[in-house]
Amino acid sequence: MQVAVFGRKDKNMAVYCVSDIHGDYDKYQKLLKQIHFSDFDWLYVVGDVIDRGKQSVKLLQDMMLRFNVIPIIGNHEYMAISCLRFLMTEITESSLKTISADILQGLLEWQREGGQETIEEFQRLDRDTQWDILDYLEEFSLYEEIQVKGETYVLVHAGLSNFSVDRPLEDYQLHEMIFEKVDYSKVYFPDKYLVTGHIPTRAIQENPRPDFIYKGNRHIAIDCGCSYGGRLGAICLDNGEEFYIE
Ligand SMILES: [Mn+2]
């Protein structure tokens, strides 16, 4: 994957990261307003756009119209893709026979994790729009590596399982990047920052500020617990400024 380099062409542009919005369209819109998000800026959404909240589809539909909002896959998108792909195929006698235990298990798990709200919203769409949403989800990146003002950031939803500093990022499998939490007590890359969501910062032992962005050991953890009564947090990578929507 090519490393996007920012901060050279336009000194007014800024690069922001947010994660775990979980269908809270209103907080997302308030955030865009608070950061004065313009066509010169970039917003990386580091996974878990959907589920739990009531406006996941509305949120996706806004994101997909913006060339400068870059989505990275989270475990919730991964669950949704396999379930929606199944639900979109017509239920015929032959396909009913082929419902595997894996698919049923996947549907139950997605429902338990807050997928029901997303399914209900999805069902209200016409067929073409449903396919558009599914196509969009399938376009999410697995990770992004970017340079901002000379610093390098690796953006990945959950972490890097089976980590080795010499292992190229493109070598990691999906399940190694979206499920297991990172070890915040460990520095992964001595010369890069690891930007992750997935674990609300209130659950990070080393974090003195629950529900605020956590920085330490070259980690930047940005899930401020939006879907758990916390807040939506975002960081500007150009200057480290933090933004919060209550
Ligand atoms: Mn997650």
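The values are calculated or read from the model by the stated rules, or taken from the named source; none is laboratory data. Since the model is a prediction, treat every value here as computed from it, not as a measurement. Cβ atoms come from the backbone with ideal geometry, glycine included; neighbour counts cover every protein chain shown. Heavy atoms of the whole protein, side chains included, go into the accessibility calculation; ligands, DNA and RNA do not. Shrake-Rupley method; radii C 1.70, N 1.55, O 1.52, S 1.80 Å.
To the nearest 10 degrees, how steeply does helix 75-88 sit against the main Cα axis of the chain, on a 0 to 90 scale?
Relative to the chain, helix 75-88 is tipped by roughly 20 degrees.
Multiplying the sequence separation of F40 and K58 by 0.36 nm and subtracting their Cα-Cα distance, what value in nm do you get?
4.1 nm
Grab the DSSP H runs of the chain that are 4 residues or longer, score each as -39,500 (n - 2.57), total them, divide by all residues and round the 222 nm result to the nearest 500 deg cm²/dmol.
Computed mean residue ellipticity for the chain: -8500 deg cm²/dmol.
Order the peptides 38-49, 154-165, 172-183 from the highest to the lowest mean number of other Cβ atoms within 10 Å of their residues.
So the peptides 38-49, 154-165, 172-183, ranked by packing, come out 38-49, 154-165, 172-183.
What number comes out for accessible area per residue over segment 127-206 if the probe is 1.4 Å? Units Å², please.
48
List every residue whose amide H lies under 5 Å from the amide H of A14, counting only residues 5 or more places away in sequence or on a different chain, with H placed 1.01 Å from N in the peptide plane.
Correct list: D41, W42.
Which distance in nm do the two modelled labels at K149 and Q111 give, with both placed 7 Å along the Cα-to-Cβ direction?
4.9
With springs only between Cα atoms under 10 Å apart, run a GNM on the chain and tell me which of K97, K192, K27 wobbles the most.
Per the Cα network of the chain with a 10 Å cutoff, K97 tops the list.
Highest GNM mean-square fluctuation, the chain, Cα pairs closer than 10 Å: which of R127, R52, R202?
Highest fluctuation of the listed residues: R127.
Viscosity 0.890 mPa s, temperature 25 °C: Stokes-Einstein D of the chain from its Kirkwood Cα radius, in µm² per second?
Diffusion coefficient, whole number: 132 µm²/s.
Kindly write out, for segment 112-122 in residue order, the coupling ³J(HN,Hα) from the Karplus curve 6.51 cos²θ - 1.76 cosθ + 1.60 (θ = phi - 60°), rounded to whole Hz, with x marking Gly and Pro.
Values per residue, Gly and Pro as x: 5, 8, x, x, 4, 4, 5, 4, 4, 5, 4 Hz.
How much of the accessible area of the chain, probe 1.4 Å, is carbon plus sulfur, in whole percent?
49
Any idea how far the Cα center of segment 181-203 sits from the one of segment 1-75, in Å?
Taking the Cα centre of segment 1-75 as reference, the centre of segment 181-203 is 20 Å away.
When you count, for each residue, the other Cβ atoms within 10 Å and take the mean per peptide, how do 238-244, 98-104 rank with the highest first?
238-244, 98-104
Using alpha carbons only, how many degrees (0 to 90, rounded to 10) separate the axis of helix 25-34 from the longest principal axis of the chain?
The answer is roughly 20 degrees.
Plugging the Kirkwood radius over Cα pairs into Stokes-Einstein for segment 1-72, at a temperature of 25 °C and a viscosity of 0.890 mPa s, what D comes out in µm²/s?
192
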